[in-house]
Structures are given as structure tokens and as C-alpha cells.
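The values are calculated or read from the model by the stated rules, or taken from the named source; none is laboratory data. Quantities reported herein were computed from a predicted structural model and do not represent experimental measurements. Every residue, glycine among them, receives a Cβ derived from its backbone with ideal geometry; neighbour counts consider all protein chains shown. Surface accessibility is based on the protein's heavy atoms, side chains included, excluding ligands, DNA and RNA. Shrake-Rupley method; radii C 1.70, N 1.55, O 1.52, S 1.80 Å.
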Amino acid sequence: MRVAVLPGDGIGPEVIGAAVAALRELAPELELVHGDVGLECHSRRGEYLPDETMELVKGSDAVLFGAVSTPLSAEGYRSPILTMRRELDLYANLRPVRNLAPGLGLLDLDVIIVRENTEGMYTGDESVDEEGVTLSRRVSRRACERICRFARDIGESSGRGRLTCVHKANVLRRSDGLFRDVFYETVRGSALRCDEMLVDAAAAELVVRPDALDVIVTLNLYGDILSDEAAALAGGLGTAPSANIGDRHALFEPVHGSAPDIAGRDLANPSAALLSAAMMLDHLRMPEPAAALRSAVSGTVADGGRTRDLGGELGTEEFASLVVSRLRS
Ligand code: ATP
């Protein structure tokens, strides 16, 4: 099986370097093919996402993506990750959030956030006039159906108990109202306890009663914000993995961005990238190496191996070598 590896820039190459070392140890049969993307790629080749990279991505069984920096002048810029999500029709963004080790983070959390990835506020459909800017926000029945079906399948297959539809239908009656109606149609007959919550209440619930939430399905912007909040509560952005899934393609990436403030200084926590690689192994039907990788990352942290964002002293490379040595032993 072939994996397209797109490190990008900022801390992307450092954290993806750690994930590649772990994959070489765990699954040497995977063909890892590197591709060029991002700001540095643009300065070398004049393109943020070359056709050659898109071809590699389309011809691979999965994509492992690091991060790309946004250029200072964003005029005419379309982010490579948004382009890939659209072109590959990666409609579901899956963000599991849990503490890497007991006691790590502000509180204990174990939630799966399923975020609609193709519509809502992220279509970038803004029109400017003399008075201001208008944003068109699309919510289609088809997108609602497939994201709710995906969330139901994830909830059922992972043995979870509750599936909560998070929206703002008290204000956005027609658009979010459609999402809520489709949710109840789609989950009819499910063994999961299916209910709903307003997004502002869900943001508070994560802090006040974190163990009450289980699987959340929500629209694009709400999912983006709630998953960053959840990640911050459970240990920080350095620990949060994600998957972007479609019917034909899948891309795995840490939730964090390129973090230019710490790039190139061996300060990044590679856990989010390592756990994204574990999600990829599960997707490629390699559950044993996936479980081994998860346990090596959490075992390293539980034994006190921590990067600076978690209050430790380890550099990216030192942390990665501890994880790889655990995989060897
Ligand atoms: P971008 O514009 O690419 O999203 P950003 O700096 O605005 O980049 P993030 O990359 O998500 O946003 O990072 C926000 C902050 O969180 C960073 O400034 C960094 O200090 C911290 N951070 C993010 N990822 C990590 C990581 N893997 N390890 C340690 N700290 C991190």
C-alpha cells in the first residue's frame, strides 16, 4: 500500500519526520512517497500545491499531512488543505480527543468530534460592497445526511453510548434546522442515545461536565472551534490528531497548524502527528500496529517523557526516539 507523505512547512517536517520513523519501524511494508506542498514549495516552484502532488495523493491509499503556513499576503491564496479536502471530497473530519496520559491536561476527556468538512462558513464565499462583507453559508441535505451517517457508524462501531447533534438552530432556524432534522432522520433506529445541544451549551458542557459528552456531530465552524477547545482541555494542540475521510480518499493530519513561532527549533510535540499516523494505520486495516503506536506514545508520556508544551524538557527528536525505542522493545 502506498502512503503520500506531505510534511509541508513550519513544524510540519519535524512532526511528520517522527511519524515516518515510527511507520518505518512498525509497518515497513508501506511504501512512503514524499510530496511537495506549502509555502516553501511555493518559493521554490511557484505553486502551493503542484499537480504532481495532487496526482500522488490521488494515486495513494492514504495521505499523511503535516502543516502549511499561510502567506503574509493572502490575496488569491487558497490553502492546500482546503483544496485537497474539496478535490478529494473528504467530507468527514474526525477528531478524537482524549488525554494522552492520566492527569495530563486540565480535565479528563474522551470525546469524538465529527465535523462536516465541505460546507458551512468554510466555502469562502464572501462578497464585498461599500457597506461591508456578506458571507453565504451553504447547508445541504446531502452533506448533512452523509456526515450524520458517518457519525452514527463511528459511534456504533466504536461501542460508544451517546451521539449528540450540535447546532445553533434556535437562531439559524432553516440552515441548522435542516441539519438537526436530517440528524434525527438518519439516526432513527440506532442503539445510540441520540440527542441535540446548542453549540454554546456544548462549549460550556465540555468544561463543566466533560464526561457527559461522547460522540458529537456538528457543522464545519462549530467543529473547528469545539475540537480546539477540547484539545486545549485535554493536553494541548500538540496531542490532538485528526482524519479527513471521504468515500475514496483519506488524509490524516495533526489538528495544529504550522506553529511558525517554534518551527525549526526542535520544540514541537510530535504526538499529534504520531497519533494521526495511528489513525491512518487503522484506516488501512492495520489495527495492531495502530494500537502499538498509540500505546508507545501514551506510555512514553505516562513515564514522564514530555516535550516542553507538556511541561517537560524533551525535544521533538528525543521524544520521537523514545517512542521508536518502545516500538522496538
Ligand atoms: P497556522 O497559521 O499554520 O494555523 P498557528 O501558529 O496560527 O499556525 P498553530 O500552529 O495551530 O497555529 O499553533 C498555535 C500555537 O500552539 C503555536 O503558536 C504553538 O506555540 C502551539 N503549538 C501548536 N502545535 C504544537 C506542537 N505540536 N507542539 C508544541 N506546541 C504547539
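Some points to look at:
- Among the residues of segment 62-79, some residue qualifies, meaning at least one is within 27 Å of A21 (Cβ to Cβ), away from the ligand (no atom under 16 Å from the Cβ) and touching an Asp or Glu at 6+ places or on another chain (Cβ under 9 Å).
- Hits in segment 292-311 (condition: open to solvent by 50 Å² or more (accessible area, probe 1.4 Å), assigned to a helix (DSSP H, G or I) and more than 9 Å from the ligand (Cβ to nearest atom)): R294, S295, A302
- Among the criteria (1) within 11 Å of the chain's Cα centre (by Cα); (2) in the same structural domain as R137 (by TED's automatic domain parsing); (3) buried (at least 19 other Cβ atoms within 10 Å of the Cβ), the one F252 does not fulfil is (2).
- Options D228, D214: the member that is touching a residue at least 12 places away in the same chain (Cβ under 8 Å), of a type in the set (D, E, K, R) and open to solvent by less than 30 Å² (accessible area, probe 1.4 Å): D214
- Residue in segment 141-154 that is over 17 Å from N93 (Cα atoms) and either of a type outside the set (D, E) or open to solvent by less than 50 Å² (accessible area, probe 1.4 Å) (or both) present: yes
- Pick from segment 256-278, criterion under 26 Å from L107 (Cβ atoms), surrounded by fewer than 24 Cβ atoms within 10 Å (Cβ to Cβ) and of a type in the set (A, V, I, L, M), ranking: nearest to the ligand (Cβ to nearest atom): A259
- For G103, the conditions (1) touching a Phe, Trp or Tyr at 6+ places or on another chain (Cβ under 6 Å); (2) in a loop (DSSP other than H, G, I, E, B) are fulfilled apart from (1).
- Candidates P102, P71, filtered to the one that is at pLDDT below 95, open to solvent by less than 70 Å² (accessible area, probe 1.4 Å) and either more than 24 Å from S321 (Cα to Cα) or not β-branched (V, I, T) (or both): P71
- When segment 21-35 is filtered for residues that are open to solvent by less than 70 Å² (accessible area, probe 1.4 Å) and either more than 19 Å from P254 (Cβ to Cβ) or in contact (Cβ under 8 Å) with a residue 40 or more places away in the chain (or both), the ones remaining, listed by number, are A21, A22, L23, E25, L26, A27, L30, V33.
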